[in-house]
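K.L.:
Let me give you the structure first, and then I'll get to my questions.
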Amino acid sequence: MTHPTRSKNGRPVHHWRRDIVELAALFTAVAVADAVANLIGHGPDGPALLLISAAALVATAVFHTWWARRHGHAPPTSDTGARPLPAAGQAGPEGQDGTVPGVLWRMRTTVRDEPGSLAALCTALAGHRVDILSLQTHPLGETTVDEFLLRAPGELAAADLTRAVAAADGAGTWIERADTHDLVDAPTRLLGLATRTALDAAELPLALRQLLGRCTIRQSPAAPSRTAHTGPGVPVEGVLEDTVMRLRGPEGGVITVERPYLPFTPTEFARARALVELDARLGPRVPPGQDVLTLPEGAAITVRRADPGDLEAAKAMHERCSARTLSMRYHGPVSDADRYLGHLLSPRFGRTLAVQTASGRIVGLGHLLWDGDETEVALLVEDDWQRRGIGGELLARLVGMAREAGCESVYAVTQASNTGMVAAMRGLGLPLDYQVEEGTLVITARLEASPAARRLPHGAHLAQD
């Protein structure tokens, strides 16, 4: 029985030509069946003809089934532009959100520097359906360090990749998970890091750890007593010692970068040295810009980045602060407060915000200091300007900077009696941890994930001596 087709508005449409053809076919089939029945019933070879007809019918059915499977009803992909469907269990080329499925890995291995070594490695990866997205080679004389960005099937474990590489004579293999940020090619990434460093001196440590991955960076200022690896004892070209590199600091000190789990290559050393040299040539600098805010009581203040040029104004603020305020901030003799300012105002060790009145006087300072795998925040507000919301404003801005830098937490060292700092930390609305260390209160705030945060990959750390 035929099924009427439907028009665009959903109403059935009958085709009378199709009905006539089907009716004629029905009468023809009846006539043929009657003729065959008479032939089989009255002819001498009726049973034989019946068996032959059955065999022919079976053969026709088998041929029709084979032909239907070989030539499907779907149009060829060359005619429609459609891509073939993936095999069972295999992800398609693109997900619904536009991302390519699979697991991204960063892998580094060492092979002999001879023809065919890299080809054998690529063949081993291809045997596991691993796609090589990018490749960098670091020649080391008799060997070459090859660094890959790979996309592997989700079910393929890191151990399987390592075994496949070892079977292709890859040695010292190191592998870790990557993400879409690693898809940016190396020259573009280096230019971006150089731009960040050129705009803000505080970005140098952040750029170094994004360039080198998991590492610890220590910045030691120049000191009168210099050993072979401090101050001018480090040559201009720097020192590379396996998993440690030492670079001449922009202001005479030393930048020490350590990565115990993986030796640095000469290429990485050259890139890091280029960033440090760029920073040294540009000198101390902070990006311009300021925000004018109106306090609840009506007074206008300006919040801006501070730099070493604000040293005298900061010392003048110290003189106007009470001994109690200074002791709560610096946790030591009040007479030593001024000597910390040079370090705090230097963009080499973090970022500082200054609060300035309409007359140009600094009445508040907020510091964001790189400290190992954590980040310290500290506030100092002049006595006459306390309890006006300045501390909370500074702290919120510092936490925003920490998020942008990819920090996972910030901590403040204070005293339980410093109710202003405790209230400001609580006002962030973030999960807080409290710990008492040597008579001081350490409050740690765990930062929530921020989509706009710049990633600092591979868990790199910073520290200062």
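Nothing in this text is a laboratory measurement; each read-out follows from the coordinates by a stated rule. All values derive from a computational prediction rather than experimental measurement. For neighbour counting, all protein chains shown are included, and Cβ atoms are generated from backbone atoms with ideal geometry for every residue, glycine included.
K.L.:
In sequence order, what are the phi-derived ³J(HN,Hα) couplings for the stretch 296-307 according to the Karplus relation 6.51 cos²θ - 1.76 cosθ + 1.60 with θ = phi - 60°, rounded to whole Hz, with x for glycine and proline?
P.N.:
x, 7, x, 6, 9, 10, 10, 10, 8, 6, 9, 8
K.L.:
Can you find, among C407, A396, S417, the residue farthest towards the positive end of the dipole of the stretch 372-440? Put +1 on the C-beta of Lys and Arg, -1 on that of Asp and Glu.
P.N.:
Farthest towards the positive pole: A396.
K.L.:
So, with +1 on the Cβ of K and R and -1 on the Cβ of D and E, and no other charges, what is the size of the charge dipole of the stretch 118-170 about its Cα centre, to the nearest 20 debye?
P.N.:
With Lys and Arg at +1 and Asp and Glu at -1, about 140 debye.
K.L.:
How would the stretch 320-377 be classified by its alpha-carbon gyration tensor: rounded, prolate or oblate, with rounded meaning a/c under 1.5 and the a/b versus b/c comparison settling the rest?
P.N.:
oblate
K.L.:
List the residues whose amide H sits under 5 Å from the amide H of L133, counting only those 5 or more places along or on another chain, with H placed 1.01 Å from N in the peptide plane.
P.N.:
Hits under the 5 Å cutoff: L149, L150, R151.
K.L.:
Here is a follow-up. Report the charge-dipole magnitude of the stretch 278-392 in Debye, nearest 20, computed about the Cα centre from +1 at each Lys and Arg Cβ and -1 at each Asp and Glu Cβ.
P.N.:
220 debye
K.L.:
List the extent of the Cα atoms of the stretch 141-206 along each of their three principal axes, largest first, rounded to whole Å.
P.N.:
46, 35, 18
K.L.:
Turning to a different aspect of this structure: Could you give me the ³J(HN,Hα) list for the stretch 413-420, computed from phi with Karplus coefficients 6.51, -1.76, 1.60 and θ = phi - 60°, whole Hz, x at Gly and Pro?
P.N.:
9, 8, 10, 4, 6, 7, 5, x
K.L.:
Along each principal axis of its Cα atoms, how long is the stretch 246-379 end to end? Whole angstroms, biggest number first, please.
P.N.:
Over the stretch 246-379, Cα extents along the principal axes are 58, 34, 24 Å.
K.L.:
Using θ = phi - 60° and the Karplus form 6.51 cos²θ - 1.76 cosθ + 1.60, what ³J(HN,Hα) does each residue of the stretch 104-116 get, whole Hz, x for Gly and Pro?
P.N.:
In residue order, the calculated couplings are 8, 10, 9, 9, 10, 8, 10, 10, 5, 7, 8, x, x Hz.
K.L.:
May I ask you to order 141-152, 292-303 by the average number of other C-beta atoms within 10 Å around their residues, highest value first?
P.N.:
141-152, 292-303
K.L.:
Using packing as a proxy for protection, rank 276-286, 240-250 so that the peptide with the highest average count of other Cβ atoms within 10 Å comes first.
P.N.:
240-250, 276-286
K.L.:
Then there is this: Counting only other residues whose beta carbon sits under 13 Å from that of G141, what net charge do I get with K and R as +1, D and E as -1?
P.N.:
Around G141, the surrounding residues sum to -2.
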